[in-house]
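The values are calculated or read from the model by the stated rules, or taken from the named source; none is laboratory data. Treat the numbers as computed from the prediction; the structure is a model and nothing was measured. A quick note on method: Cβ atoms are made from the backbone with ideal geometry, for glycine too, and the neighbour counts reach across all protein chains shown.
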Amino acid sequence: MINAALETGEKFWGTDGNDTIAGGEGNDTIGGGNGDDSLSGNGGNDRIMASHGDDQVSGGEGNDRLWGGNGNDTVSGDDGDDTISGGMGADILDGGEGNDRIISRSDAGVPDKGHDHSQMHPHQPSLDADDSLADDTLIGGSGADTFRFELLLNAKEEIIKKHADPVTGKVNWKNVAGENGNAHDHWVDRIGNETILDFNKSEGDKIEIVGHTVKVDQIEYKDVDGDGINESIIYLISDQGDHGGAHNKDELGTITVYGDKVEESDLKVNAGVYFGAFTSIYKTVGTDENDLISGTDNKDTIDGGDGDDTLNGEAGNDRIFAGDGDDLVSGGDGKDKLWGNVGNDTISGGDGDDTITGGDGDDVITGEAGKDRLWGNADNDKISGGDDNDTLGGGDGDDTLNGDAGNDKIWAGDGNDLVSGGEGSDRITGDGGNDSISGGENDDTITGGDGDDTITGDAGNDKLWGDGGNDSISGGEGDDMIWDRMGEDVLDGGEGNDIFISRSDAGEPDIAQETDESKVYPDQPFLDADDTLIGGLGADTFRFELLLDAKDEIVEKHADPITGKVNWRKVAHENDNVHDHWVNGIGNDTILDFNKSEGDQIRIAGHTVQVDDIEYLDLNADGIDESIIHLISDQGGNGGAHDQDKLGTITVYGDLVEASDLTVNAGVFYGAFNAI
């Protein structure tokens, strides 16, 4: 499972779990993978493709193209002129605002024969005895919308193979439609019983019905929901003419229309097109034994089935499903999509921009050349990106991930993971677990996530976050920025002019003034927050940011009702009660090597924060005094319960610190969080 928020104009593929993926403000491309996914494009002209599962797809603002895939999906275009397709299943397709194009295709299988000829060939059975599995609901929303129904040709296997290209497998459906030698050579698949909820002629709405031999048999007017207003029910058939076969006059489904009355003149019907139920016939299926299967240099589909299989796609844009067992899979050249499924699989993509999903088991996945997308999913996987700019996701388990060359994006997932970015400017997120992460060369961005992480930026100007847990962070060479966040962290800048940012992580301090008020969080101890900062060589900046916090009702009062973003400046001006807000403590932090001659600086910032005192003590009995900076919240003469709160200390080893060495800014409004 993946929970990801993208930046501007990104491409992202989900896993075989229930993913939540949100695009940014650019033109994003998002694929959900298998599972019940929640996919949103937000701003920009996005392309979102769900796969198997009951998915929630939202385009957001912009002119989006959205596909629901297989399953009972809800697809919403939102603002903009969108194109929406549901795929297989009982889908809800909502265009939203704008001039949308909403497409529903045949997904109810083979219709009952219109004429009594020889027995049907069960080439493609219906989805289920209950046709409701294919009943789509279409909602145009405001704007001039086009409701388009595409009915698809299908045929016996021998007829399809006869008209498939011997190299590519591509089917010539026009030639299939010309096969009239037998009574039951081909047919048109059903659409089910579809519904349009808001047909509005005055807005410019249109209804298009296309497909080989498709005809409107009749339009019935009936009060479907008992509200005294008739709805329009369009009945579709396959009209093959006087010399039609077994499927002449097949009933292909209905379209029930709410809103304006539908007459035949309102319908645009095109029976002269040849949309097929699929594009190509190439698919190789293995047995439950240990199979050896090689594809061609074309677009192959290989299903290994059970057993320990060896599967090779060769050249071409292949789709390979390894199935159960410990499989060896190679995509070969081309843009391949490879699934390991269950078992300890070894999968390599070969040249080309590949998408690989390991599935259950301890998998070894290698992208090789190309911009690959590699997902381990469950268990303890080993994933290597290879050349180019790759995207890696470890999923659950204790994974080993190596980005190799290129500017890679790596999500380690849950578990105690070992991550190396390799060459390139990488973006790495550790997520849950006690992770060990190294950025490698160039300018990396690393977030540890929850757990006690060990993070190394290596060479380059890196940006490093510890997040939750007691982390050890080393910048390495270069001018690095290091944030400690929650926990007792050790931050080492290494060589270069580094910036350390240590924020409040010790929680609500004890109330300084005598008052009937008590702490908002009385059971909260002074949290483990004693950080150690080591500048190393170079002109380093040690910055301590103390964060505002407040009662829930005060925070909610000054939060944006739509975005939830908190206006902390207004929170700070809440002085009607003695205990509306406070400044969180930093704990007892330590700087180990303050060196004025190298250009080191100490900066302290936060609402009402002041240096109360600098104390000089020989803490380690070596005859040299250290400097202990005591911080308080100085709210002035009209301060509340938290005026003069003790906010923590900064113990400084190295050069003695005088008040003139400190830069203090009490006029900023940093909050404990950004939004509620």
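Numbers at a glance
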item: Strands (runs of 3 or more DSSP E) wholly inside segment 198-262 containing at least 1 residues that are without any contact (Cβ under 8 Å) to a residue 12 or more places away in the chain, out of contact with any helix residue (DSSP H, G or I) (no Cβ under 8 Å at 6 or more places or on another chain) and not assigned by TED's automatic domain parsing to the domain that holds K174; result: none
item: Test result for G334, modelled with pLDDT under 90, more than 14 Å from E289 (Cβ to Cβ) and in a loop (DSSP other than H, G, I, E, B); result: no
item: Qualifying residue in segment 280-287 (condition: of a type outside the set (D, E, K, R) and farther than 19 Å from A164 by Cβ); result: yes
item: Wholly enclosed strands (runs of 3 or more DSSP E) of segment 406-522 bearing at least 1 residues of a type in the set (S, T, N, Q); result: 418-420, 427-429, 436-438, 445-447, 454-456, 472-474, 499-503
item: Segment 651-664 - residue that is out of contact with any helix residue (DSSP H, G or I) (no Cβ under 9 Å at 6 or more places or on another chain) and not hydrophobic (A, V, I, L, M, F, W, C) and, of those, surrounded by the fewest Cβ atoms within 10 Å (Cβ to Cβ); result: S660
item: Hits in segment 315-330 - residues which are assigned to a strand (DSSP E or B) and surrounded by fewer than 24 Cβ atoms within 10 Å (Cβ to Cβ); result: R319, F321, L328, S330
item: S627 closer than 28 Å to L537 by Cα and part of a helix (DSSP H, G or I); result: no
item: One residue from S502, S518 being crowded, with 23+ Cβ neighbours inside 10 Å and either of a type in the set (K, R) or at pLDDT below 95 (or both); result: S502
item: Some residue of segment 476-485 being crowded, with 20+ Cβ neighbours inside 10 Å, more than 27 Å from the chain's Cα centre (by Cα) and among the charged types (D, E, K, R); result: yes
item: Candidates G648, G667, filtered to the one that is under 18 Å from R503 (Cα atoms), surrounded by fewer than 16 Cβ atoms within 10 Å (Cβ to Cβ) and touching a His at 6+ places or on another chain (Cβ under 9 Å); result: G667
item: Matching residues, segment 263-274, being part of a strand (DSSP E or B) and either of a type in the set (S, T, N, Q) or farther than 20 Å from F199 by Cα (or both); result: N270
item: Positions within segment 13-58 being out of contact with any Ser or Thr (no Cβ under 7 Å at 6 or more places or on another chain), within 23 Å of T445 (Cα to Cα) and modelled with pLDDT under 75, in sequence order; result: G14
item: Members of segment 221-237 found to be more than 22 Å from G140 (Cα to Cα) and more than 42 Å from the chain's Cα centre (by Cα), listed by number; result: G226, G228
item: Subset of segment 331-363 (residues that are among the charged types (D, E, K, R) and surrounded by fewer than 24 Cβ atoms within 10 Å (Cβ to Cβ)); result: D333, K335, K337, D351, D353, D360, D362
item: Candidates S474, S504, filtered to the one that is hydroxyl-bearing (S, T, Y), touching a Gly at 6+ places or on another chain (Cβ under 8 Å) and closer than 24 Å to W582 by Cβ; result: S504
item: Pair list, Cβ under 9 Å, 6 or more apart: segment 178-191 residue over 12 Å from A246 (Cβ atoms) and at pLDDT 85 or above, other residue among the aromatic types (F, W, Y) and loosely packed, with under 15 Cβ neighbours inside 10 Å; result: none
item: Some residue of segment 610-620 being in contact with a Phe, Trp or Tyr (Cβ under 7 Å, 6 or more places away or on another chain) and either surrounded by fewer than 16 Cβ atoms within 10 Å (Cβ to Cβ) or in a strand (DSSP E or B) (or both); result: no
